[in-house]
Amino acid sequence: MALFELFSKRQKKLRGEAPDIYQYDKLEQNFRVQVVHIVQDTIGSESSYHTVTNAVYQEIHKILCKEYGVFSLKKDANSHFESVFNFFLNEKDHEKCLDVIEVTFQFIDTVVREREWEFNNAIGVSQKPEDAIDELNARFKESGIGYQFESGNLIRIDSQYVHSEIVKPALFFLGKDRQYAGVSDEFLSAHEHYRHKRYKECLNDCLKSFESLMKAIHEKHKWPFNRNDTAKKLIHSCLSNKLVPDYLQNQFSSLRVLLESGIPTIRNKEGGHGQGGEITSVPEHLASYTLHLTATNLLFLIKCEEKYRG
């Protein structure tokens, strides 16, 4: 279902009341209700006549109950749908609400997408899985909530421009090539740590994904390297093998320094090695910068590899 530009919505935009700064820990009730509408429009209404819809809601409920260590999300509920989404509509912990969104849309992105023809006959279904994901992301943006559902996970974003122009393309190209599967997992893991404010772990996974991409490129082109090579050695090898064309290396004379002193240095100083006698903490803005720098470097190297001729 498309988003409607209601008169009241247009007037708010004209008055400058539309949110332009993202927040991350408050999901308004109207947004939650919109999510429930999207889910029902895509999976259907639970009923005795459509077992595949029932099975999806049952599995979502089971996963959440098991992870939270409870037997039911709502006592005396009449259905699994009611248990899950009554919990979602009333839960005060915003991260648990995001859990419900992520798990539900993972099912939409996989089970419903793969068996779409079965769900087309379910009661209330009027929306395709890809349209549901697009609408969810649009509702996040419309409500000023800094998350997007990408590559099967909820990802926290700080800038819509950086996300759409750098992070999203990087995830897209990583997902296209099976040899980059490990890179994608590590980069998504960095986002998951960032979302939960585990900033040291975020930095560690940023470096892992950066190094893993270079190792995958080495394997693809059969360039010699050791599995325990550092980022510095891998960068040197990539440049020596002309992954980056000479004219770019000459134009950006500090390219090697930029790559070497970016992600690895930040990670080593802030997130790697022992912290000594004092407890150190990584500030959010540094984790955000590193995450976006990683995305930029991943996308840059992927594009260079695509054009590489050997």
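The values are calculated or read from the model by the stated rules, or taken from the named source; none is laboratory data. Being a predicted model, the structure only gives us computed values, none of them experimental. FYI the Cβ positions are ideal-geometry reconstructions off the backbone, even for glycines, and counts take in every protein chain you see.
Observations on the model:
- Some residue of region 186-201 being touching a Gly at 6+ places or on another chain (Cβ under 6 Å) and in a helix (DSSP H, G or I): yes
- Hey, residue 96 under 21 Å from residue 150 (Cβ atoms), in a helix (DSSP H, G or I) and not assigned by TED's automatic domain parsing to the domain that holds residue 188 or not: yes
- Which listed residue is under 16 Å from residue 290 (Cα atoms), out of contact with any strand residue (DSSP E or B) (no Cβ under 7 Å at 6 or more places or on another chain) and modelled with pLDDT under 85, from 164, 159, 189: 159
- So residue 3, is it surrounded by 11 or more Cβ atoms within 10 Å (Cβ to Cβ), modelled with pLDDT of 95 or more and not hydroxyl-bearing (Ser, Thr, Tyr): no
- Among the residues of region 63-75, the ones that are farther than 15 Å from residue 91 by Cβ and in contact (Cβ under 8 Å) with a residue 12 or more places away in the chain come to 1 in all.
- Test for residue 180: is it over 21 Å from residue 286 (Cβ atoms), buried (at least 22 other Cβ atoms within 10 Å of the Cβ), outside the structural domain of residue 37 (by TED's automatic domain parsing) and in contact with a Leu (Cβ under 7 Å, 6 or more places away or on another chain): yes
- Qualifying position, being under 24 Å from residue 108 (Cβ atoms), of a type in the set (Gly, Ala, Ser) and touching a helix residue (DSSP H, G or I) at 6+ places or on another chain (Cβ under 7 Å), among 144, 182, 124: 124
- Restricting region 183-207 to residues that are under 23 Å from residue 219 (Cβ atoms) and within 12 Å of the chain's Cα centre (by Cα), the residue that is surrounded by the fewest Cβ atoms within 10 Å (Cβ to Cβ): 185
- Under the condition of being among the basic types (Lys, Arg), surrounded by fewer than 17 Cβ atoms within 10 Å (Cβ to Cβ) and assigned to a loop (DSSP other than H, G, I, E, B), the residues counted in region 99-138 number 1.
- Taking first residues from region 109-120 that are of a type in the set (A, V, I, L, M) and partners that are at pLDDT 90 or above, the Cβ contacts under 8 Å between residues at least 6 apart in sequence or on separate chains come to 111/56; 112/42; 112/43; 112/56; 112/119; 112/129.
Here's the yes/no breakdown for (1) of a type in the set (D, E, K, R); (2) modelled with pLDDT of 85 or more; (3) in a loop (DSSP other than H, G, I, E, B):
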residue: 223; (1), (2), (3): no, yes, yes
residue: 249; (1), (2), (3): no, no, no
residue: 253; (1), (2), (3): no, no, yes
residue: 258; (1), (2), (3): no, no, no
residue: 264; (1), (2), (3): no, no, no
residue: 296; (1), (2), (3): no, yes, no
residue: 306; (1), (2), (3): yes, yes, no
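- Subset of region 212-230 [in contact (Cβ under 8 Å) with a residue 40 or more places away in the chain and more than 20 Å from the chain's Cα centre (by Cα)]: 214, 217, 219, 220, 221
- Those residues of region 26-70 which are in a helix (DSSP H, G or I), surrounded by fewer than 16 Cβ atoms within 10 Å (Cβ to Cβ) and of a type in the set (Lys, Arg), in sequence order: 62, 66
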